[in-house]
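Colleague: Sharing a structure, written as C-alpha cells. Questions coming.
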Amino acid sequence: MAEAIDPSYISRLEAGARSVTLDVSQELAKALGVDPLTLLTVAYAAERGQTPQQVLDHLVKDPESTGLLCSEIPALPSKTPHPNVAASRELREQIKELVDQGYSQAEVARRLGISRQTVSNRLKKS
C-alpha cells in the first residue's frame, strides 16, 4: 500500500488524526485489490462488531423500507439557479432585447420600471 498512498497519511488515518475521503478510500481499496464498497463494508462491519453479511443485509433492508432500493437516484443534483440569479438573468435579457429593438437606456428603464443605472450595469455584465 505504501506505493499507492503516502505511509504517513496511513499512520495519521490509523491514529484518527485524519479522515478518509472517498478518493482516499478508492485508493486504499485499489491498493488492497478490492472494490471500494467491499472495503467500506468490511470497515463498517469491524466498527459495529458485525459480520460483513450483517452489514449487507442492513444495506438492503434500510433502503427497501424507505422505498429507495429500486428508486433511480440522479447522479448530480439539478443546477437550478438561485431565484435572484434567475431574475437577474431574465432582467438582463429583457434589457438586451429592448436595446436591440432600438430603445435608449432611459426608455428601457422607464418601460421596465427600473433605474437607468440598473440598465447600464446590466448591459456592462452582458
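The values are calculated or read from the model by the stated rules, or taken from the named source; none is laboratory data. Computed from a prediction, not measured in an experiment: that's the story for all the values here. FYI the Cβ positions are ideal-geometry reconstructions off the backbone, even for glycines, and counts take in every protein chain you see.
Colleague: State whether one or more residues within region 93-113 are at pLDDT 90 or above, on the phi > 0 side of the Ramachandran plot and either part of a helix (DSSP H, G or I) or not hydrophobic (A, V, I, L, M, F, W, C) (or both).
Modeller: Within region 93-113 (the criterion being at pLDDT 90 or above, on the phi > 0 side of the Ramachandran plot and either part of a helix (DSSP H, G or I) or not hydrophobic (A, V, I, L, M, F, W, C) (or both)), the answer is yes, since at least one residue qualifies.
Colleague: Considering Ala87, Ala29, which residue is within 30 Å of Arg122 (Cα to Cα) and either β-branched (Val, Ile, Thr) or in a helix (DSSP H, G or I) (or both)? Outline the logic, then answer.
Modeller: Numbers: Ala29 fails: within 30 Å of Arg122 (Cα to Cα).
The conditions single out Ala87.
Colleague: Return only the number of the condition from (1) part of a loop (DSSP other than H, G, I, E, B); (2) of a type outside the set (Val, Ile, Thr); (3) in the same structural domain as Leu37 (by TED's automatic domain parsing); (4) modelled with pLDDT under 95 that Leu76 does not satisfy.
Modeller: Every condition holds for Leu76 apart from (3).
Colleague: Would you say Lys79 is under 24 Å from Leu22 (Cβ atoms) and without any contact (Cβ under 8 Å) to a residue 60 or more places away in the chain?
Modeller: Judged against the criteria, Lys79 is a match.
Colleague: From Val55, Val24, grab the single residue that is β-branched (Val, Ile, Thr), modelled with pLDDT of 90 or more, surrounded by 15 or more Cβ atoms within 10 Å (Cβ to Cβ) and more than 30 Å from Ala109 (Cα to Cα).
Modeller: Answer to the check: Val55.
Colleague: Additional query: If I filter region 1-21 down to residues being not in a helix (DSSP H, G or I) and not small (Gly, Ala, Ser), which single residue comes out as modelled with the lowest pLDDT?
Modeller: Initially, region 1-21 is screened for residues not in a helix (DSSP H, G or I), giving 1-6, 15-21.
Still in the running and not small (Gly, Ala, Ser): 1, 3, 5-6, 18, 20-21.
Values: Met1: 51, Glu3: 56, Ile5: 61, Asp6: 66, Arg18: 68, Val20: 71, Thr21: 77.
If we take residues in region 1-21 being not in a helix (DSSP H, G or I) and not small (Gly, Ala, Ser), then Met1 is modelled with the lowest pLDDT.
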